[in-house]
Amino acid sequence: MKKMLILLGFLPSLAFGQYDIDLELLAGGYNQPTEIVNSGDSRLFVVEKSGKIKILYTDGVQESTPFLDITSNVNSGGEKGLLGLAFAPDYSTSGKFYVNYTFTANDSLFTRISRFSVDLDNENLANADSEESLLEFYQPFGNHNGGQVEFGPDGYLYIATGDGGSGGDPFNNGQNKMTFLGKLLRINVSTTPYSIPSDNPFVNDDFGLNEIWAYGLRNPWKFAFDAETGDLYIGDVGQSAIEEVDFQPAGAPGGANYGWRCYEGTQPYQSPQCNDSIVVTDPVFEYSHSDGCSITGGRVYRGNAFPNLVGKYILTDFCSGNYWLLWQEDGVWQSFEGGLLSTQIVAFGEDMWGEMYAVKTSNGTIHKVIDASAEIEIDASVTWLSACANRAAVVNFYQPATTLLAYQYDAIIDSLGQFQIIGAPLGVFDVFLKVNGYLTKTLGIQTVTANTEFSFLAIIPGDLNGDNLININDLSLINLSFAKTSEDEDYNLLADLNCDGSVNILDISLFGASFGVAGDNPPLD
């Protein structure tokens, strides 16, 4: 009989109707992307299966030159390829990062874990010649390579490995603690090439490899640590019946056996090596192949934009496109089944602010993960120096202390200075307003909620050429329209600073009062 080590309750209860996850296209043009991670700054790094890593910014801008290109080293056929990327916790000073890829030597397939360094003269370029191979192991078949690498909150590097492939784990690698296959490994890479953490569960064990942290896994394609709690979630791809999410709370000792190939999820799987004394840790969530065929393990949302999602683990199925949310309430697992998100999502990642992104391999696109139910309308106003009707404006929402544009809205401001911002994201942003013919005005850092209102005080007219500075160039444009009225074809609305229908001495007077004044600019602009 199976002895179940149930951590925090197993059978999930269902919650209905509270969530509506959707995808918002950010960028495309990638060749079979497999992963997206951040390096602790505003950049995102997109991993391509062929062996390239490319830089993407959260406003959708892409660097044209790959950060790293090791295509000549990588065997990328089928499920093989460049599968994982992790930046060292001290990357900003050490410049070290780690990759997981498959390669061929002497007609045999291997997995390699390597360390690289960034170019000392260019932060957007890695030194391809800096590769240090830390760990290599044989792959008997071309599938089930696992592939994810990620640093835990303890500073150690965790490595997911599949069971070696074929079907049904023919060599019983999942339960064999003398192989790296079908495992989650944990190593200390602060030494060269690496060392074994003293609290790894099989240190000095004659029947287990020192690097092993957990075992009994089939193909843990994606795993993730909760950025706030340190809890570990593993999405393990099933055989023919069950997909599962395995869980380890922060601070728990290693050594968990997640059951494969004795069990597929909580269901027995035929294996002569299994016996009544085996102790396994059951998944905290599973679903059958009536709802999909291959789990894409996700992440716990810890961003600011969507408070409704905070603390929820988001996962999807590669085949069906269905998605689920998982979380705990009073030690009991809750789940929400949200229906169709999108098929062929291979990975989720997050930026430095905790906002989530989804990677689609079929068409090579990157998407923001959003809560569609959170779209809101903001009532906003400006203080005119005079009543000006129907002025065009742009409201920019920047990530705090950066020039990375998170959202932009085109508005029309009425004669009372009132307007609405539709579809604004929830979260913390640096908010700027640019009205046509006026200097840019900032509200500074704002927390956008469902009840937010904006009030931009005393926006200043006179920036006719849009360079955010009132100077002689703008005066020249006013002079060209001087004495013109709204009845004239060459009347310039922007030169009519007091909006009385005529460009005259009153406008010149208003202009003179603001001559030399500059508008607000985003930080670092």
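Derivation of every value follows stated rules applied to the coordinates shown; laboratory data play no part. Keep in mind it's a predicted model, so treat the numbers as computed, not measured. Cβ: placed from backbone, ideal geometry, glycine included. Neighbour counts: every protein chain shown.
For residue 411, nonlocal amide neighbours, meaning residues 5 or more places apart or on other chains whose placed amide H falls under 5 Å from its own, are 393, 394, 395.
Ordering 196, 477, 91 by the projection of their Cα atoms onto the charge dipole of the chain, which places +1 on the Cβ of Lys and Arg and -1 on the Cβ of Asp and Glu, puts 196 at the extreme positive end.
Stokes-Einstein diffusion of the range 250-331 at 10 °C, 1.306 mPa s viscosity, Kirkwood radius from Cα pairs, rounded to a whole number: 105 µm²/s. When the listed pairs 52/80; 183/368; 49/368 are checked against a 23 Å cut-off, the alpha-carbon distance exceeds it for 183/368. Taking a straight line from the alpha carbon of residue 484, these aspartates and glutamates sit under 14 Å away, with near neighbours fewer than eight places off in the same chain left out: 496, 500, 507.
Its Cα centre serving as origin, the range 376-513 has a Cβ charge dipole (Lys and Arg +1, Asp and Glu -1) of approximately 420 debye. List the pair-distance distribution P(r) of the range 368-525, using every Cα-Cα distance, as the percent of pairs falling in each 10 Å bin from 0 up to the bin containing the longest distance, rounded to whole percents. Binned Cα distances yield the sequence 11, 38, 31, 15, 5, 0.
Expressed as a fraction of 2.2 N^0.38 Å, the rule-of-thumb size for a compact globular protein of N residues, what is the C-alpha radius of gyration of the range 291-396?
Computed over Cα atoms of the range 291-396, the ratio equals 1.44.
Packing, taken as the mean count of other beta carbons within 10 Å per residue, orders the peptides 320-328, 451-459 from highest to lowest as 320-328, 451-459.
About its Cα centre, the dipole of the range 347-421 is roughly 240 debye, where the only charges are +1 on Lys and Arg Cβ and -1 on Asp and Glu Cβ. Taking other residues whose beta carbon is less than 13 angstrom from the beta carbon of residue 162, and scoring Lys, Arg as +1 and Asp, Glu as -1, yields +1. When the charge dipole of the chain is built from unit charges on Cβ atoms (+1 for Lys and Arg, -1 for Asp and Glu) and taken about the Cα centre, the candidate among 212, 307, 422 whose Cα reaches farthest toward its positive end is 212. Run a plain Debye calculation on the chain (Cα atoms as equal point scatterers, no solvent) and give log10 I(q)/I(0) at q = 0.13 Å⁻¹, rounded to two decimals, same order as the q list. So the normalised log intensities are -1.19. Once you reduce the range 106-132 and the range 265-342 to the center of their Cα atoms, the two points are 33 Å from each other. The fewest-to-most ranking of 179, 449 by surrounding Cβ atoms within 10 Å reads 449, 179. A dipole drawn for the range 376-513 from +1 and -1 charges on Cβ atoms has a positive end, and of 512, 486, 397 the residue lying farthest that way is 397. Around the Cα centre of the chain, unit charges on the Cβ atoms of Lys, Arg, Asp and Glu (plus for the first two, minus for the last two) sum to a dipole of about 1360 debye.
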